[in-house]
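Remarks on the structure that follows.
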Amino acid sequence: MKNFAKSKINPDLKYVYSENNALSIVFQSNELLLGVLGEFNNNLKELEKITNTSIYSRGNSILLKNTPEKNELIKNAIQFLVDQFLNNGSLEKKDIESSVNKFMIDEKVTNKSENIEYIIKTPKKSVIPRSEKQKNYIRALKESDIVISAGPAGTGKTFLAVAVALTMLLEKKIERIILSRPAVEAGERLGFLPGDMREKVDPYLRPLYDSLYDLLDFEKIQKKIEVGDIEIAPLAFMRGRTLKNSFAILDEAQNATDTQIKMFLTRIGENSKIVINGDPSQIDLPNKTISGLNRSKKLLGHLKEISVVDFDHTDVVRHPLVSKIVKAYSDKNSD
C-alpha cells in the first residue's frame, strides 16, 4: 500500500481562531482534505454525528463552530484522521470512531508523546488501541513474559498480539513467530479430515493468516512462512518443544484443555513471550468444564511475570452492532 507520508502531499495544517468560538482548520493539500472528508463528506458527517457538533467544509478548510472544548476535541480527531490517511492511504468508518475515542478514553493522558508507546507501526498500517483495556493489553504484550487474555470476539485480542509480534520480528528482537490454535474443537481429530496435513489444519488457522495479511504484504508473509520466520501450527504440534527467541500465540484457547494450556505455557524458553487468547463464552469442547482458559487465569494471575487482561463488550472494535449483540447474550446468560 502506498505510504502517503512519503509522497508529495503536504501534511501541514493551519489553525485559525476567530470570534464566536470559531476555528478553521486549513489544509495545504486538497488531496489530503478530500481523503479526510471522504466521499460526499461522509467522514465529516459521521464525525459530526458521533460528537454531536457542527462541522462545515469551506473551500480548503474545515470550519468548527462549537464550544472551545468541543472544537479542541474535533481538532485532535481531525489530526488523528490526517495521520491515519497519510499512513494507510484511506480511512474506514472505524477510524472515525477511533479519532474521537482516542481523546476521550483517558483525559489524564493529554500529551501526544505519552500515547506513542501504544501505537504499533507495521508496514501496512499503524495500529492504535481503541479502548483503555487495549492500551493495557499492548503494554502487557510488550512488558510481560506471558499474557493471558479473555473476552468476546472483536476485541482485538489476536490482531493486537499478532501486530506486536510482527513488529518485534521485523525489528529483530525475536527470531520467530509461532501462531497456534486447537485444530479441531473436540480433541484435534485431524485424521478424520480430508486432504494432507496442511489442508486439514488451514481452515482452523485462517483467522491467523488474515491478521498477518492485514499487516504485511502477502508475498512477504509467504516468504517468512517458507523460511520458518513465521510458523502456523495446530496446538497438538507444540508438544515436546522449547521455544527460544520466539513470540508464541495460542488463539481460541477456550477450546484447549487444562493440560494442553499447561503444555503450551511450559514451552517458553530464553527471550520468548507466550500469549494465550480466548473467549470463554464460545467453548466448543464436548465438556465445557475441561476448558483450561479460566483455570489458567486463576492459577497464574498472581505471578508478576504474567499479565491477565479481561475484555468485555465495550472493547469490541468491529461493527457497532457486534458490541450490542455480545452484551445482549452476556446479559441473557447472567439471568
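The values are calculated or read from the model by the stated rules, or taken from the named source; none is laboratory data. Just so you know, these numbers come straight off a predicted model, no measurement behind them. With ideal geometry, Cβ positions are generated from the backbone for all residues, glycine too; neighbour counts draw on all protein chains shown.
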Within the stretch 203-246, the residues that are touching a residue at least 40 places away in the same chain (Cβ under 8 Å), polar (S, T, N, Q) and part of a helix (DSSP H, G or I) are Ser211
Being free of Cβ contacts under 8 Å to residues at least 40 places away in the same chain and assigned to a helix (DSSP H, G or I): is that true of Lys172 here? no
When the stretch 52-72 is checked residue by residue, the ones that are hydrophobic (A, V, I, L, M, F, W, C) and surrounded by 20 or more Cβ atoms within 10 Å (Cβ to Cβ) are Ile55, Ile62, Leu64
Query - Test: residue in the stretch 21-31 that is hydroxyl-bearing (Ser, Thr, Tyr) and surrounded by fewer than 17 Cβ atoms within 10 Å (Cβ to Cβ) - result: no
Contact list, first residue from the stretch 247-270 and in a loop (DSSP other than H, G, I, E, B), second anywhere and among the hydroxyl-bearing types (Ser, Thr, Tyr), beta-carbon distance below 8 Å, six or more apart or interchain, is Asp251/Thr158; Asp251/Ser180; Ala256/Ser291; Arg267/Thr242; Gly269/Thr242; Gly269/Ser246
From the option list Lys124, Lys108, single residue qualifying as part of a loop (DSSP other than H, G, I, E, B) and either modelled with pLDDT of 90 or more or under 14 Å from the mean Cα position of the chain (by Cα) (or both) is Lys124
Filtering the stretch 6-63 down to residues that are modelled with pLDDT of 85 or more and of a type in the set (Asp, Glu) yields Asp12, Glu31, Glu39, Glu46, Glu48
